1. Consider the range D:145-161. How many of its residues are within 11 Å of chain C (Cβ to nearest Cβ), within 15 Å of residue C:129 (Cβ to Cβ) and without any contact (Cβ under 8 Å) to a residue 60 or more places away in the chain?
2. Only one of these conditions is not met by residue B:1: (1) assigned to a strand (DSSP E or B); (2) hydrophobic (A, V, I, L, M, F, W, C); (3) modelled with pLDDT under 95. Which number is it?
3. Quick check on my filter: what residues within the range A:114-137 are more than 7 Å from every other protein chain (Cβ to nearest Cβ) and outside any loop (DSSP other than H, G, I, E, B)?
4. For a quick check of your reading of the model, give me the residue pairs whose first member lies in the range C:88-111 and is closer than 20 Å to residue C:158 by Cα and among the charged types (D, E, K, R), whose second is modelled with pLDDT under 95 and not in a loop (DSSP other than H, G, I, E, B), with beta-carbon atoms closer than 7 Å and at least 6 apart or on different chains.
5. Among the residues of the range C:101-109, is there at least one that is within 13 Å of chain D (Cβ to nearest Cβ), assigned to a loop (DSSP other than H, G, I, E, B), among the small types (Gly, Ala, Ser) and closer than 20 Å to residue D:38 by Cβ?
6. With the condition kept exactly as written, say whether any residue in the range B:131-144 is at pLDDT 95 or above, touching an Asp or Glu at 6+ places or on another chain (Cβ under 6 Å) and of a type in the set (A, V, I, L, M, F, W, C).
7. Restricting to the range A:23-42, name every residue that is within 9 Å of chain B (Cβ to nearest Cβ) and either under 17 Å from residue A:120 (Cα atoms) or among the aromatic types (Phe, Trp, Tyr) (or both).
8. I need the full set of residues from the range C:137-161 which are open to solvent by 40 Å² or more (accessible area, probe 1.4 Å) and under 14 Å from residue C:90 (Cα atoms), in order please.
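The values are calculated or read from the model by the stated rules, or taken from the named source; none is laboratory data. Everything quoted here is computed from the prediction, not taken from an experiment. Neighbour counts run over all protein chains shown; Cβ positions are idealised from the backbone, glycine included. What goes into the accessible areas is simple: the full protein's heavy atoms, side chains included, and nothing from ligands, DNA or RNA. Shrake-Rupley method; radii C 1.70, N 1.55, O 1.52, S 1.80 Å.
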Number of protein chains: 4
Amino acid sequence: MSLRIIATGGTFDKHYDPLTGQLVFGDSVIPSALACARLTQPCQFEALMAIDSLDMQDAHRQQILAACQRSEEARIVIVHGTDTMRETAALLGQAQLNKTIVLTGAMVPYRIDGSDAQFNLGFACAAAFLSEAGVYIAMNAQVFPWHAVHKNRSAGIFEAD
Amino acid sequence: MSLRIIATGGTFDKHYDPLTGQLVFGDSVIPSALACARLTQPCQFEALMAIDSLDMQDAHRQQILAACQRSEEARIVIVHGTDTMRETAALLGQAQLNKTIVLTGAMVPYRIDGSDAQFNLGFACAAAFLSEAGVYIAMNAQVFPWHAVHKNRSAGIFEAD
Amino acid sequence: MSLRIIATGGTFDKHYDPLTGQLVFGDSVIPSALACARLTQPCQFEALMAIDSLDMQDAHRQQILAACQRSEEARIVIVHGTDTMRETAALLGQAQLNKTIVLTGAMVPYRIDGSDAQFNLGFACAAAFLSEAGVYIAMNAQVFPWHAVHKNRSAGIFEAD
Amino acid sequence: MSLRIIATGGTFDKHYDPLTGQLVFGDSVIPSALACARLTQPCQFEALMAIDSLDMQDAHRQQILAACQRSEEARIVIVHGTDTMRETAALLGQAQLNKTIVLTGAMVPYRIDGSDAQFNLGFACAAAFLSEAGVYIAMNAQVFPWHAVHKNRSAGIFEAD
């Protein structure tokens, strides 16, 4: 069973910039995360964009939709910022692509101690392999259908509506 | 949906002993791994044993079976050494417990750079939530039924029979 | 030979806050860094303040000076933000305390991959043990006298004047 | 001031081999450690050998001595296994090279959580820059002259004789 993993940025993929003291984007960490994971099935990685999900515009979401449409793999994991993950999931869900699409992200960047990134990536890959066609958000060790989840920002967790 | 995670030892949970230079067992790393993962559903952790799977005897496997039988949670992840994971999975599979039991482990200890432990734990948790009752091995980002998998030791990967 | 280590904050000690996505201060990482270092000589750790060095006012620097004055240990390492490390070093240098005081910090926080924090802490401790009384900045694997160093902000390094 | 860093192996530089479950040698981690450290002075790295110090024979120590003799840098850090660090230090000390040579190592490999490697490397570099010509062992945040130190193996620390 083959898988496509699409990077869009978000906390998962943030790097620390020593010159500015800010968390910024650079090369995606996902190839390194996947190397650790020791996958044996075909997996296509696509670095589509690298932005904070608060900065995502409609045009960005259309790009993500187009990437899912053209994907030859029917199972897709999208690494995305958490703040507007639900909005992107909704656009993809309404498009009814007949693919299994799982959005995930992280509350702590991959490169920072105590990150949830690697756990979430593993969780999302299994959800992509095992779920029927549809669009899902996989965070906090739960798989949520796209239309019934929101981020509780004060608690920093995803909850069922 | 609630989950039980049972530690039995294996590479996943090995620590470095500075006095002997050996990899040994100590307190399980799994509570720390789960803290990173930011679970929001009930999850019971059980440190059942801490041994190398090459040292596992029938009595140990019977203990693992008993732990699964008495588990109030119908979804169970077992962290286990990879070398005899298949043997333990077979015992559990033949017992037909009507629970979803997923065995996972790691090729590189959790505490060593480049580990697959956190990815595998996330992958196994999703497999436990999403698979029907049965016994599975989740390694290399694949979910294998217990009766159709083996470890290819020279390649260090799990493969379908 | 006994040593005092004084935490004042700075990049070295920053934590990631998952709720705001910002790097902030919490409990100092220095006790954990020192536990790794396996010191066998007496070492007093003092968490004096936890601020960004750009936010340091005269009152803060006076507090640091007072901490050095009252220190029973004649060898002191101060972990400090890099941006105004030189200003604090100047105040301490002009006070002529007859102690060996070494300021250090980090360009990448201790808890982020690729940090210079642990190297710098080791370097600064050796500089504190081996240098004669005076005030020094130890960064980029160099020991600079307080009056002849500046931070080149565009390059992110300390240089001799 | 320029520095030479010579790798000889030891715990500092051990990697985990997923196929055998053993700690073994591969490419040295020291270039990566130095990249983190953000050195601005000239530093030559030399991967001389990669062995456990318990496996060191006279011929190996002669190779280390020869490397120190031919070094154009008068300040040298040698990363070495701890078990026979003292024996190598004695050979170098007796050779009276008129260089500052500091041996260091680690009780926990660089690539394992909680390692003292990066701290020790920083400490040893400062000791190499600040000490007069001679041969020293830098471990446990102390600088010991070569002829007055031993490893207390049951405690896992270096102590003055």
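1. 1
2. Here residue B:1 clears every test but (1).
3. Once the filter is applied, which keeps residues that are more than 7 Å from every other protein chain (Cβ to nearest Cβ) and outside any loop (DSSP other than H, G, I, E, B), the range A:114-137 yields A:117, A:124, A:128, A:134, A:135, A:136, A:137.
4. none
5. Within the range C:101-109, the first condition is being within 13 Å of chain D (Cβ to nearest Cβ), and the residues that meet it are C:102, C:104-109.
Next, from what is left, pick out any that are assigned to a loop (DSSP other than H, G, I, E, B): C:105-109.
Those still in the list that are among the small types (Gly, Ala, Ser) too: C:105-106.
From the residues that got through so far, the ones that are closer than 20 Å to residue D:38 by Cβ too are C:105-106.
There is at least one residue in the range C:101-109 that is within 13 Å of chain D (Cβ to nearest Cβ), assigned to a loop (DSSP other than H, G, I, E, B), among the small types (Gly, Ala, Ser) and closer than 20 Å to residue D:38 by Cβ.
6. If we filter the range B:131-144 for residues that are at pLDDT 95 or above, which is where we start, we get B:131-144.
Still in the running and touching an Asp or Glu at 6+ places or on another chain (Cβ under 6 Å): none.
No, there is no match, as no residue in the range B:131-144 is at pLDDT 95 or above, touching an Asp or Glu at 6+ places or on another chain (Cβ under 6 Å) and of a type in the set (A, V, I, L, M, F, W, C).
7. If the condition is that a residue be within 9 Å of chain B (Cβ to nearest Cβ) and either under 17 Å from residue A:120 (Cα atoms) or among the aromatic types (Phe, Trp, Tyr) (or both), then A:32, A:33, A:34, A:35, A:36, A:37, A:38, A:39 are the ones that fit.
8. C:145, C:146, C:147, C:150, C:151, C:161
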